[in-house]
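Please treat every number below as a calculation from the coordinates, not as lab data. Treat the numbers as computed from the prediction; the structure is a model and nothing was measured. Counting neighbours? That spans all protein chains shown, and the Cβs are built from the backbone with ideal geometry, glycine included.
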Amino acid sequence: MDKGNTTGARLHTETPIEMFRELVEGAIAHQHLAPSEESAFYLVNLLDGFVRPAGPYADLGAPPDQALCEILLHAVRSRGVQRFALFRLTGDMALFLTGFFADSLAARQVSPAYYRSLGETAYAQAADCARPQSRADVFEELAENFAPFSGVLSEVSERCTLTDTGNVLRLCERYSATGNRRDAERLLQRGANLLPDDDGLVH
């Protein structure tokens with residue numbers, strides 16, 4: 001069998017979770033991050049869950065078009081296992097949107113910073129509800145590193161050719177809203193000056 005056919009066979013037999021593991025690990029290495037093994041694998045599972053037809057947490061009764069702030073409010077009013085699951089769902093959806101579909105948010109004039117705030121809050125609350133403590137540590141790490149992990153998903157999205165990385169204006173808008181280091185690197189590669197002027201503006 002020639003090399004081309006071998007590559008084709010590998011691509012056809014690779015499962016989504018294997019593909020996402022390779023992409024996430026590559027993005028983490030490229031961005032010089034050092035997440036725990038548990039958090040890195042969480043990102044892989046998050047992506048795998050969102051590509052499934054039913055989507056994540058289909059049994060929670062949260063409509064797919066329900067606003068994240070409404071799900072978060074529902075979580076606050078819930079108790080027990082459902083409280084944890086809804087906080088986790090809010091964090092997962094916010095992280096997925098700001099990472100995998102950041103350009104779509106910009107096109108809809110929705111601030112990524114808004115979703116980042118929701119996600120950080122939701123993951124922090126999930127950590128408070130999680131049992132055992134080892135599980136809580138993962139959600140604390142997700143809350144504290146929401147922006148870098150969003151950057152990891154953004155790079156995965158680019159490699160899946162779902163975003164337009166050539167639009168400098170969108171990069172500027174996204175960097176201004178999120179402060180994502182990956183966006184800053186791209187802007188510098190395109191000759192943008194990220195140092196603020198006397199008026200405090202970044203160019």
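For segment 89-98, in order, what is each residue's ³J(HN,Hα) by Karplus, 6.51 cos²θ - 1.76 cosθ + 1.60 with θ = phi - 60°, in whole Hz (x at glycine and Pro)?
4, 4, x, 4, 5, 5, 5, 5, 5, 6
I need the peptides 97-105, 71-79 ranked by packing, meaning the mean over residues of other C-beta atoms within 10 angstrom, with the highest value on top. The partial results should precede the final answer.
Values: 97-105: 22.0, 71-79: 16.2.
By packing density, highest mean first, the sequence is 97-105, 71-79.
Tell me the label-point distance for the pair Cys69, Phe41, using the 7 Å Cα-to-Cβ offset, in nm and rounded to one decimal.
The two pseudo-label positions are separated by 3.7 nm.
What nm value, rounded to one decimal, do you get for the distance between His32 and Cys160 when each label is placed 7 Å out toward the C-beta?
For the pair His32/Cys160, the computed spacing is 2.8 nm.
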